[in-house]
1. Among (1) closer than 19 Å to B:Lys9 by Cα; (2) within 14 Å of chain A (Cβ to nearest Cβ), which single condition is B:Ile24 missing?
2. Scan B:Leu153, B:Leu82, B:Leu139 and give me the residue that is modelled with pLDDT under 95, over 18 Å from the mean Cα position of the chain (by Cα) and not hydroxyl-bearing (Ser, Thr, Tyr).
3. Test of understanding: among A:Ile132, A:Ile58, A:Ile122, A:Ile118, which residue is part of a helix (DSSP H, G or I), open to solvent by 30 Å² or more (accessible area, probe 1.4 Å) and not basic (Lys, Arg)?
4. In segment A:285-394, which helices (runs of 4 or more DSSP H) lie fully inside it and hold 2 or more residues that are within 14 Å of chain B (Cβ to nearest Cβ) and open to solvent by less than 50 Å² (accessible area, probe 1.4 Å)?
5. Is there any pair with a first residue in segment A:104-126 that is in contact (Cβ under 8 Å) with a residue 24 or more places away in the chain and small (Gly, Ala, Ser) and a second that is open to solvent by 20 Å² or more (accessible area, probe 1.4 Å) and not in a helix (DSSP H, G or I) whose Cβ atoms are under 8 Å apart and which are 6 or more apart or on different chains, and what are they?
6. So, in segment B:54-87, how many residues would count as being at positive phi and open to solvent by less than 80 Å² (accessible area, probe 1.4 Å)?
7. Find the residue count for segment B:85-105, including only residues that are within 28 Å of B:Asn198 (Cα to Cα), among the basic types (Lys, Arg) and modelled with pLDDT of 90 or more.
8. Only one of these is more than 28 Å from the chain's Cα centre (by Cα), part of a helix (DSSP H, G or I) and away from chain B (no Cβ under 14 Å): A:Leu196, A:Leu217, A:Leu209. Name it.
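The values are calculated or read from the model by the stated rules, or taken from the named source; none is laboratory data. Here the structure is a predicted model, which is why all the values come from computation and not from measurement. All Cβ positions, glycine included, derive from the backbone under ideal geometry; neighbour counts span all protein chains shown. Just so you know, the surface numbers come from the protein's heavy atoms only, side chains and all, with ligands and any DNA or RNA stripped out. Shrake-Rupley method; radii C 1.70, N 1.55, O 1.52, S 1.80 Å.
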Amino acid sequence: MSMIQEFKKVWKTYTIGMIWLLGLLWPLLGIHPDGTLSFEKTFTVWAYLFAGTFICLIVYVLNKSGSLDAVKGPVSKVWENGSAASKTVPLWVWLLAAFVMALLFPQFTGRYQQDVAINVLIYVCLGLGLNIVVGLCGMLDLGYIAFYGIGAYTYALFNTHYGVPFWICLPISAIFALIAACIVGFPTLRMRGDYLAIVTLGFGEIIRLILNNWMSLTNGPNGIMGINRPGMWWISFADGISFEHFWFKKLHLMYYVILGLVILTIIAVNRLNFSRVGRAWEAIREDETAAELMGVNTFILKLLAYAMGGFFAGIAGAFFVARMKFVSPDSFIFYESAMVLCMVVLGGLGSIPGIILGAAALIVFPEVFREFELYRMLAFGAVMVLMMLFRPAGLIPAKRMGTRSDDKE
Amino acid sequence: MAEPILELKDVHSGYGSIKALKGISLKIYPGEVVAIIGANGAGKSTTLMTICGITKATQGEIYYQGNLINKVLPEKLPTLGLCQVPEGRRIFPRLSVMENLRMGAFYRNDTDQIMKDMQHAYEMFPILGERHNQEGGTLSGGEQQMLAIARALMTKPTVLLLDEPSLGLAPIIVQQIFDIIAQINKEEGTTILLVEQNANLALQAAARGYVMETGEITLEDDAQSLLNNPKIREAYLGE
């Protein structure tokens, strides 16, 4: 009986929602560019959605009326036992398991999966850098991708003109991006909030336009080709013992390079996060004036956060170019900045596991659902709404509680 | 009397074209509690912000321990022993109570002494000790005010500037806060400059008082005389 009562409560909103959806779908699917109208496709898509949501509705009603308690009880018990058991396992075991899985990943996967994984890791590196600026220091940076571009072009130019190898150029790229961040940050970081967002957006575009138009240096929109991959000296036993240089042509070697870089980034960001400087950044995010009254040099620390963000973007940029062997300004458009920002916000501001998950989600899902590419933006919108409702602080919100490295109990 | 520890000489300041302070002069002597009272918008908070250098003085001189501090950057002042508890508490809401206190000791490097001071803060404010792992923003108004004061004490101030410690608090909590202020002054010998709208309370806690009106100091006297002054009683004590 109670089931019918529960159903009576929701059927009205559900019906109105479905009719509204039909009204929205028809202009999208039923009006064709050549001016013809059709109804068939709209109704089939709608019918699928109706069937799907109706099943969800039935489950919801059953759950509300208590008919599912017989199933729910044991399931939640198993879940609780499982989570309790997982808490007894120390953190380093999880980290080790994740590390071993990441190491063995290329053994079980093909080119395509490795390619996607490399992409994810590049974005993890970018996301962790942006997290310092946005998540810790609270400065909304919409032009972050510019530093990625500077890192990328630094390696591309040094390598093609002077033949500087990747490993030497990697720190140079990072330092160049850091210096660029200081130059951009110095005049702009006096601004706060929305104003800073607009100015960084402008700087991001300026740097892309410079790359696009400085023909003599960057070859403009045609890009730079023939950039070397990372290489390495290795002991060769071919005729006696000698050292031989070889390039990382195999994709899984590139995967290991970026994996190593990401692990270094994670360690660095983690240490920054739980240091005195990290706490000062968070204090600035919370209340800049109060932080200043407590003796924090807010300007220097904001500049430092911005520079550190640029540094990690530079590392990611240099690797990106080494992997593609080609660079053009098209890779550094505003869409990329927005994408990285999405990863950071989706995963959870300030949370390292959250950002890794966010980057993985935003790269892997579009790949998996390639056939539904047309509906990508629709799915994006739906995910955003669901996130706002259920996980407003991100997939894995940052754990703020607990002690830092320099706290003694 | 001894040399004043904090002295303002004809200080002007403002926000853009708005003049908030039109020539403030005041003297604070070591170890005393001084109150500045006045209505909304009289420039009380601006006075404190100007002393701390957040709002720049456009004219006049500010001396601290005999040194001109007009040009000293705000973040250097806590290292000199001058710290403010800003209006509306302004704790760091998403940092834990412990981290808020650690932020107070930001410029200090003596970890052992910081830990001792933190223990002392927890003894002075037992509620903060109970909640040391809780986020600052989840504390009640009174607890946040205690946290703000405790955070400022972590800088080891010689002069503590307090801006409206009674703002938005229940009378019983306000009494508690003022007891603590008296205790800080007595036990640590901290000089306190108190800005308050609650004139009655402030003048009872202070030894001397200044009355501010529209950016100027109109009256300066012993707290007791101010309390007995019929004009003050009429204007600020509602009689």
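1. (2)
2. Selected residue: B:Leu139, the only one of B:Leu153, B:Leu82, B:Leu139 that is modelled with pLDDT under 95, over 18 Å from the mean Cα position of the chain (by Cα) and not hydroxyl-bearing (Ser, Thr, Tyr).
3. None of the others qualify; the one that does is A:Ile58.
4. Filter on segment A:285-394 gives A:288-293, A:298-324.
5. Sorted first by the residue in segment A:104-126, then by its partner, the pairs are A:Ala117/A:Thr109.
6. Final tally of qualifying residues: 3.
7. Summing the residues that are within 28 Å of B:Asn198 (Cα to Cα), among the basic types (Lys, Arg) and modelled with pLDDT of 90 or more in segment B:85-105 gives 1.
8. Just a single option satisfies the conditions, and that option is A:Leu217.
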